[in-house]
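The values are calculated or read from the model by the stated rules, or taken from the named source; none is laboratory data. In this text the structure is predicted, and so the values were computed from the model without any measurement. Positions of Cβ are generated from backbone atoms using ideal geometry, with glycine treated the same way; all protein chains shown enter the neighbour counts. Side chains are part of the model used for accessible areas, which takes the heavy atoms of the whole protein and leaves out ligands, DNA and RNA. Shrake-Rupley method; radii C 1.70, N 1.55, O 1.52, S 1.80 Å.
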Amino acid sequence: MAQSTPEAGSAGGSAGAGREATVPVPSAAGSGPISHAIFRLARLHRMFAGQLLRRIGLHPGQELVMMHLWELGPQRQADLVRLMDSDAATMTRTVRRLEQAGFVRRRPSATDRRASLIEPTAASHALRREVEQVWAQLEGLVAADLDARGRDDALHTLERLEHNLVRAAADPTACPTDTKTRPAE
């Protein structure tokens, strides 16, 4: 990924032929080129995913909820929040939209009268093959010029980056949230 573009006004110019950033890297992000590249990649990935998913009546993230339901069967909404590392409000909106589209339904839990289970409908099971095709198409776009070794290397690097962030999230000293610890401006 490129670290800057000529439009960004950096002294270094572009990062190389064929590797131009789609978003100029502001000088303030200069100390975080990997983080900025992740931002750009995630933005583009979500854009393409959205385009492909809209064709089958879903929005990005909804297919992930459906994947968990297809794989695990009916789940409490709280369990979906945990599985998706989401928040309750977002999951409530997602489930409501999936329910309105006819892809999930709620039913009372047999073991907990306070809880309801979210379960995939027959209509969603028909959608599964289309979701798998969308993900295959998205994977093809993402890894278009990578051979098997390049795909393995990319996946390994992404998993390492994710591991680093998971480890940092578990360490309260890794990312202080106290505004008193910020450097003076």
Checklist line | Of all residues making up the stretch 116-127, the number that are assigned to a strand (DSSP E or B) and touching a Lys or Arg at 6+ places or on another chain (Cβ under 8 Å) | finding: 4
Next item on the list: Scan the stretch 36-56 for residues that are within 15 Å of the chain's Cα centre (by Cα) and surrounded by fewer than 15 Cβ atoms within 10 Å (Cβ to Cβ) and report the count.
Entry: 10
Note to self: Need the failing condition index for ASP112 against (1) in contact with a Ser or Thr (Cβ under 8 Å, 6 or more places away or on another chain); (2) at pLDDT below 95, just the number.
What the structure shows: (1)
Next item on the list: Would you be able to say whether some residue in the stretch 75-96 is part of a strand (DSSP E or B), surrounded by fewer than 16 Cβ atoms within 10 Å (Cβ to Cβ) and not charged (D, E, K, R)?
Entry: no
Notebook entry, point to check: Among the residues of the stretch 139-150, how many are within 17 Å of ALA42 (Cα to Cα) and without any contact (Cβ under 8 Å) to a residue 24 or more places away in the chain?
Noted result: 4
Notebook entry, point to check: For the stretch 108-115, does any single residue satisfy the condition of being in contact with a helix residue (DSSP H, G or I) (Cβ under 8 Å, 6 or more places away or on another chain) and either part of a loop (DSSP other than H, G, I, E, B) or not charged (D, E, K, R) (or both)?
Noted result: yes
Checklist line | Hey, GLY73 of a type outside the set (A, V, I, L, M) and in contact (Cβ under 8 Å) with a residue 24 or more places away in the chain or not | finding: yes
Check: When you scan the stretch 105-127, how many residues do you find that are under 20 Å from LEU58 (Cβ atoms), touching a residue at least 40 places away in the same chain (Cβ under 8 Å) and either surrounded by 14 or more Cβ atoms within 10 Å (Cβ to Cβ) or among the charged types (D, E, K, R) (or both)?
Finding: 5
Note to self: For a quick check of your reading of the model, give me the residue pairs whose first member lies in the stretch 80-104 and is of a type in the set (Ser, Thr, Tyr), whose second is part of a loop (DSSP other than H, G, I, E, B), with beta-carbon atoms closer than 9 Å and at least 6 apart or on different chains.
What the structure shows: SER86/GLY61; THR90/GLY61; THR94/HIS59; THR94/GLY61; THR94/SER86
Checklist line | Hits in the stretch 128-146 - residues which are open to solvent by less than 100 Å² (accessible area, probe 1.4 Å) and either among the hydroxyl-bearing types (Ser, Thr, Tyr) or outside any helix (DSSP H, G or I) (or both) | finding: ALA143, ALA144, LEU146
